[in-house]
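Visitor: This is the structure I have questions about; it appears just below.
The values are calculated or read from the model by the stated rules, or taken from the named source; none is laboratory data. Keep in mind that what you see is a predicted model, and the values were worked out from it rather than measured. Please note: Cβ atoms are built from the backbone with ideal geometry, for glycine as well, and neighbour counts cover all protein chains shown. For the accessible areas, the whole protein counts, side chains as well, though only heavy atoms, and no ligand, DNA or RNA atoms are used. Shrake-Rupley method; radii C 1.70, N 1.55, O 1.52, S 1.80 Å.
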Amino acid sequence: MRFGDPGLDAAREIARGPVLGIAEAAMRAASFLATGFSVVTTLPRTVVIAEHLVARYGVSSHCRAVRACDVAVLELDSPHGNAYGKILDECRRALAEDRSGAIVLGCAGMADLCERLSLSLGVPVIDGVAAAVTLAEALVRMGLKTSKHGDYAAPLPKIYAGMLASLAPSGHPQ
C-alpha cells in the first residue's frame, strides 16, 4: 500500500466490490472528525503528490497543509533513529501553525505510531490503512458495490498482437 493511491481508478474498473485508497480514506475520515486536518508525510518529495490528491478528492477546504518530517520510510523502523520524535514534532507544528484539529499520517509505514501520536497530541490521528480497511468493510456490510455504469465500467477488450499476443488473457481476441 502506498499513500499516493496508485492505480485506484484502474482497480475500480475491474473490481466489483469497493476499492479504497489509503490516502482518500484517511482524508475523508479526518474530514468527519475535525473541521481541518494536516497531512504529515515522510519526505518532502511526497508533499506535491499528497497535495494533488487533496484537490482530486475534494477535501481542499478541510486540508490545512501537507507537511514532511524528513524521515525516510526505512528510518521509521530503525531503533537508532528518532523517527517518532521527528514525526511528533511535525504534528505539533501542524496543530499550532495550521490550526488543524486532526492529523492524517501520510505513509502506511507510520501506522503503528498512530495510537501513540494520538495520545501524545490529544487529537485524532488517522492511519490510512486502518481507515481504508474499515470503510471498505462498512461498504461491504451495506451490500454496496462499485458502480459499473459510466466511468468505472469494465475496460473494453483489447487486441493483443505481435510480441504481446502471448500475454492475452484467455478468451481475448488476438
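Visitor: Can you find, among L76, V54, G106, the residue farthest towards the positive end of the dipole of the chain? Put +1 on the C-beta of Lys and Arg, -1 on that of Asp and Glu.
Guide: Result: V54, furthest along the dipole toward the positive end.
Visitor: Which one, C91, C114, C63, has the greatest fluctuation when you compute a Gaussian network model over the chain with C-alpha springs under 10 angstrom?
Guide: In this elastic network of the chain, the residue with the biggest mean-square fluctuation among C91, C114, C63 is C114.
Visitor: Please state, to two decimals, what the Cα-based radius of gyration of region 51-92 comes to when divided by 2.2 N^0.38 Å (N = residues).
Guide: Working: Rg = 13.4 Å, N = 42, 2.2 N^0.38 = 9.1 Å.
The reported ratio for this selection is 1.47.
Visitor: Report, in deg cm²/dmol and to the nearest 500, the calculated mean residue ellipticity at 222 nm for the chain, where each DSSP H run with n ≥ 4 adds -39500 (n - 2.57) and the sum is divided by the residue count.
Guide: On the way: 6 runs with 66 residues, N = 174.
Here the helix-only value at 222 nm equals -11500 deg cm²/dmol.
Visitor: Extension gain S147-F32, at 0.36 nm per residue separation less the Cα-Cα distance, in nm? Walk me through the intermediate numbers first.
Guide: On the way: separation 115, 0.36 × 115 = 41.40 nm, distance 2.38 nm.
Extending this stretch completely gives an extra 39.0 nm.
Visitor: Have a look at G36, G101, G122 and tell me which one the Gaussian network model of the chain (Cα, springs below 10 Å) gives the largest fluctuation.
Guide: G122
Visitor: Only sites in a loop by DSSP and with at most 16 other Cβ atoms within 10 Å count here; which trypsin sites (Lys or Arg not before Pro) in region 77-135 make the cut?
Guide: On the way: sites: K86, R92, R93, R99, R116; in loops: R99.
Sparse-neighbourhood loop trypsin sites (Lys or Arg not before Pro): R99.
Visitor: Output the 0 to 90 degree angle, nearest 10, between the alpha-carbon long axis of helix 128-141 and the longest principal axis computed from the alpha carbons of the chain.
Guide: In the chain, helix 128-141 runs at an angle near 50 degrees to the longest axis.
Visitor: Quick one: P(r) of region 1-64 from all Cα-Cα pairs, 10 Å bins, percents rounded to integers, in order of increasing distance.
Guide: 20, 53, 24, 3
Visitor: Would you mind computing, in nm to one decimal, how far apart the modelled labels at A138 and D77 are, each placed 7 Å from Cα along Cα→Cβ?
Guide: Going by the 7 Å Cα→Cβ label model, 3.0 nm.
Visitor: Treat each spin label as a single point 7 Å out from the Cα along the C-beta direction, and report the I159 to I14 distance in nm.
Guide: Simple spin-label model gives 2.2 nm for this pair.
Visitor: For the chain, find the longest principal axis of its Cα atoms and tell me its angle to the long axis of helix 22-33, 0 to 90°, nearest 10.
Guide: 50
Visitor: For region 29-174, how big is Rg over Rh, using alpha carbon atoms and the Kirkwood form of Rh?
Guide: So for region 29-174, dividing Rg by the Kirkwood Rh gives 1.13.
Visitor: Got a sec? What order do R45, R64, R12 fall in by accessible area at 1.4 Å, biggest, i.e. largest, first? Could the numbers behind the result be given before it?
Guide: Working: R45 190, R64 90, R12 35 Å².
Output order, biggest surface exposure first: R45, R64, R12.
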